[in-house]
Amino acid sequence: MKHDSVVIHGRTVELHTCTTVVVGSGASAFCAANRLAEFGHDDVMMLTEGLTSGTSRNTGSDKQTYYKLTMCGKVPDSVEDMARTLFDGGCMDGDLALCEAAHSARCFYYLCEAGVPFPQNSFGEFPGYQTDHDHHLRATSAGPLTSKMMTERLQERALRAGIPILDRCQVISLLVKDGRCLGVLALSKKDNRYLVVNATNVIYATGGPAGIYAESVYPSSQSGATGIALAAGAIAKNLTEWQYGIASVGFRWNLSGTYQQVLPRYISTDQDLNDEREFLEDHFTDPGKLLDNTFLKGYQWPFDPRKVADDGSSMIDLLVYRERMEKQRRVFIDFTRNPRSLGDLPDFSKLGEESYRYLKNSGALFGTPVERLAHMNPKAIELYKSHGIDLHGQYLEISVCAQHNNGGLAANHFWESNISHLFPIGEVNGTHGVYRPGGSALNSGQVGALRAARYIVRHYSEKPQDDHAFLEAVSTQIRREMEIGDRYLEKHGEGMDIGQLRKRLGTVMSRYGAHIRSKEHVKAARSELASITSDLEERVVLRNDHELPAVFKMRDHLVTARVLIEAIDDYIAKGGGSRGSYLILDEKMNGSHEPVDLSGQIQEMVCTDGEIRTMWRAVRPIPERNLWFEHILKEYDSHDR
Ligand SMILES: Cc1cc2nc3c(=O)[nH]c(=O)nc-3n(C[C@H](O)[C@H](O)[C@H](O)COP(=O)(O)OP(=O)(O)OC[C@H]3O[C@@H](n4cnc5c(N)ncnc54)[C@H](O)[C@@H]3O)c2cc1C
């Protein structure tokens, strides 16, 4: 590893040279850096825009889930079965499903060894529970903050291994020449200095492109960098596939599990908090149905169009969206009083059998929602209290929020993208398709990290090219980025604020490119995005130089947003209907119920010279393998693995 400074286009720039640079500092990034170091590949450094930023470190849920092979009891499980479950989610490549299943035990034990306290019995079995989109008991959890613990334990390991970390450095461009990634260009968030990394390999662990949405349950420190990779020519796949669900928007947290099962009141107000109404009643005229659907939201958390069609639990998400987006009202959950359908003196006989039995078995057929919550899950109240919100007296403002991108950058089964030596891992990599079992995102990040590290060690461990040749190859690209930066640094004074523009982008995407989609929405989004792009070019003015990184972020987000909107348009044009976590509305703004089944095909998107292209291909099946031990033994050394 070498650290130097060079003059590029008349400006002193830090130049770092290493075999592999890992971008990001979430659970997948730390895992990749550790794996490399442990495999003896010690010329590795990490670079992140925020050491403690990102989704893994700053998010959680009622019982944050990790998905793995069954490791206890009598119920049989197998790699093939687990791969099949992942694959059956639709639009997931079989080779990736197989890798995620085959490596899940190894990656899970690695986390246990690192000190993540997954519960086990005194005989060493790790019991599991059933998660969404699965029929096994493969899910486990270290509590509400599983991914935070993973990140912290893995970071400790990286520090012990002495892996250098460049903090507060935002990657603004991938340096690519002739289809090969040669390194990254970054901007220091401390002082706007440019940094260049000359590396044989880039492991790209920048997380989901959260920054494109205003209504989001991602932590605010996570914005993502998918657009930079798209702009560099990386292919994206299944970009349309996301998860959205009801969350509180002040303190961002999923309102799943007990938060719904205690039957809170959903209300909306005008922008000034007047005209309070229990708006769900307008749609659900049967009080029992309203209460049962609220209850079901607890474990049917993500928006699912199949649960809209028959007036099911996802109808609530749709009604929340209409209040906020169409009627421009504010929406809250109130735990202090019972919904009118239940009554001030609650009449639980209105509930259906499932919800009634659950509350009865929990000894919770009494009182107000917050009293039931205190009885059933007091930690759920403490959690909000620790963020300054008292559910005994305050309403929670809510929305339907983006939570996870199942799609993302495309890669092969060693997590290498179409740009050679670029390895997107973790959420930025779109390994999943339409549905995925809860917890599989965290497994995927760990597996991708291991796969990329092994491949690099075996095939790509040569030192990078010499700095002179490197700079010659990438200097035009670096100059282009610097010129963009200079243009903004010259613009000070009166003008449009970058923060406001970013909010506008988020609102457009939440309104037109989230869980409610249509041709009309695509049209509106396209025109808004064009106007935002021109405002960014022409009208934005920096209030101070510290805003420069935000300009590059905005450029990144605009690329992602534009590609996503084109992907949605193309999907609708191909006859694709509601699926996963989004509803496609027809010309009359009704849900489409007879879609063309596209779950066996994968949509890929690529940008070339600013033009966005779409491609479709068949899903790769789960590979047939020869698993005869003697055969594997003989072939082992010649296999990629
Ligand atoms: C509320 C919520 C609940 C969830 N619950 C679950 C669950 O129960 N089970 C599950 O499996 N998954 C869950 N997920 C998803 C899962 O948490 C994420 O997919 C996963 O943590 C992503 O990890 P990562 O390492 O890929 O990225 P992140 O942890 O997001 O890290 C990304 C890193 O990249 C850095 N970065 C980004 N852009 C740049 C740039 N331009 N330059 C330099 N650095 C950059 C960031 O600072 C950050 O360090 C949940 C997500 C949310 C939001």
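Determine whether segment 278-288 contains at least one residue that is open to solvent by 10 Å² or more (accessible area, probe 1.4 Å), assigned to a strand (DSSP E or B) and either in contact with a Lys or Arg (Cβ under 9 Å, 6 or more places away or on another chain) or over 15 Å from residue 398 (Cβ atoms) (or both). The answer is no; no qualifying residue exists. Against the numbered list (1) open to solvent by less than 50 Å² (accessible area, probe 1.4 Å); (2) over 30 Å from residue 40 (Cβ atoms); (3) more than 19 Å from the chain's Cα centre (by Cα), residue 495 comes up short only at (1).
Would it be correct to say that residue 224 is open to solvent by 10 Å² or more (accessible area, probe 1.4 Å), assigned to a loop (DSSP other than H, G, I, E, B) and within 16 Å of the ligand (Cβ to nearest atom)? Against the criterion (open to solvent by 10 Å² or more (accessible area, probe 1.4 Å), assigned to a loop (DSSP other than H, G, I, E, B) and within 16 Å of the ligand (Cβ to nearest atom)), residue 224 does not qualify.
Just to be sure, is residue 483 surrounded by fewer than 16 Cβ atoms within 10 Å (Cβ to Cβ), in a loop (DSSP other than H, G, I, E, B), more than 16 Å from the ligand (Cβ to nearest atom) and not basic (Lys, Arg)?
For residue 483, the condition - surrounded by fewer than 16 Cβ atoms within 10 Å (Cβ to Cβ), in a loop (DSSP other than H, G, I, E, B), more than 16 Å from the ligand (Cβ to nearest atom) and not basic (Lys, Arg) - is not met.
Here residue 159 passes the criteria (1) within 16 Å of the ligand (Cβ to nearest atom); (2) of a type in the set (A, V, I, L, M); (3) farther than 15 Å from residue 437 by Cα; (4) in contact (Cβ under 8 Å) with a residue 60 or more places away in the chain except the one numbered (4). Number of residues in segment 162-173 that are assigned to a strand (DSSP E or B) and within 10 Å of the ligand (Cβ to nearest atom) equals 6. Only one entry in 36, 51 is open to solvent by 30 Å² or more (accessible area, probe 1.4 Å), modelled with pLDDT of 95 or more and within 16 Å of the ligand (Cβ to nearest atom), namely 51. In segment 352-361, the count of residues that are open to solvent by less than 90 Å² (accessible area, probe 1.4 Å), part of a loop (DSSP other than H, G, I, E, B), over 24 Å from residue 250 (Cα atoms) and free of Cβ contacts under 8 Å to residues at least 24 places away in the same chain is zero.
Within segment 435-457, being open to solvent by 10 Å² or more (accessible area, probe 1.4 Å), aliphatic (A, V, I, L, M) and either closer than 21 Å to residue 181 by Cα or more than 12 Å from the ligand (Cβ to nearest atom) (or both) holds for one residue alone: 457. Restricting segment 117-142 to residues that are assigned to a loop (DSSP other than H, G, I, E, B) and among the aliphatic types (A, V, I, L, M) leaves a set whose member that is most open to solvent (accessible area, probe 1.4 Å) is 137. Kindly indicate whether any position in segment 432-442 is closer than 20 Å to residue 135 by Cβ, among the hydroxyl-bearing types (Ser, Thr, Tyr) and part of a loop (DSSP other than H, G, I, E, B). Yes: one or more hits. Being within 13 Å of the ligand (Cβ to nearest atom), open to solvent by 20 Å² or more (accessible area, probe 1.4 Å) and more than 24 Å from residue 304 (Cα to Cα) holds for only one residue in 145, 98, 111, and it is 145. Scanning segment 325-337 for residues that are buried (at least 21 other Cβ atoms within 10 Å of the Cβ) and either touching a helix residue (DSSP H, G or I) at 6+ places or on another chain (Cβ under 6 Å) or more than 19 Å from residue 259 (Cα to Cα) (or both) turns up 331, 335. The set of residues in segment 458-474 that are part of a helix (DSSP H, G or I), open to solvent by less than 50 Å² (accessible area, probe 1.4 Å) and not aliphatic (A, V, I, L, M) comprises 467, 470. Reported count of residues in segment 411-434, each being away from the ligand (no atom under 13 Å from the Cβ) and under 15 Å from the mean Cα position of the chain (by Cα), is 2. Scanning segment 401-428 for residues that are open to solvent by less than 10 Å² (accessible area, probe 1.4 Å), at negative phi and not in a loop (DSSP other than H, G, I, E, B) yields 401, 402, 405, 409, 422, 423, 424, 428.
For segment 54-88, which residues satisfy the criterion of being within 16 Å of the ligand (Cβ to nearest atom), open to solvent by 10 Å² or more (accessible area, probe 1.4 Å) and over 17 Å from residue 148 (Cβ atoms)? Across segment 54-88, the qualifying residues are 69, 85.
Of the residues 391, 373, only one is within 26 Å of residue 325 (Cβ to Cβ), more than 16 Å from the ligand (Cβ to nearest atom) and at pLDDT 95 or above; which?
Among 391, 373, only 391 is within 26 Å of residue 325 (Cβ to Cβ), more than 16 Å from the ligand (Cβ to nearest atom) and at pLDDT 95 or above.
Please go through segment 235-277 and pick out each residue that is farther than 22 Å from residue 427 by Cβ, assigned to a loop (DSSP other than H, G, I, E, B) and within 16 Å of the ligand (Cβ to nearest atom). Passing the criteria: 250, 257.
Within segment 162-186, the set of residues being open to solvent by less than 20 Å² (accessible area, probe 1.4 Å) and either more than 24 Å from residue 417 (Cα to Cα) or free of Cβ contacts under 8 Å to residues at least 12 places away in the same chain (or both) comprises 163 only.
In this structure, residue 192 does not satisfy being polar (S, T, N, Q) and in a strand (DSSP E or B).
For segment 1-33, the tally of residues that are within 13 Å of the ligand (Cβ to nearest atom) and surrounded by fewer than 20 Cβ atoms within 10 Å (Cβ to Cβ) stands at 0.
The values are calculated or read from the model by the stated rules, or taken from the named source; none is laboratory data. Keep in mind the model is a prediction, meaning the values are calculated, not measured. Reconstructed Cβ throughout: ideal geometry from the backbone, glycine too, with neighbour counts over all protein chains shown. Surface accessibility is based on the protein's heavy atoms, side chains included, excluding ligands, DNA and RNA. Shrake-Rupley method; radii C 1.70, N 1.55, O 1.52, S 1.80 Å.
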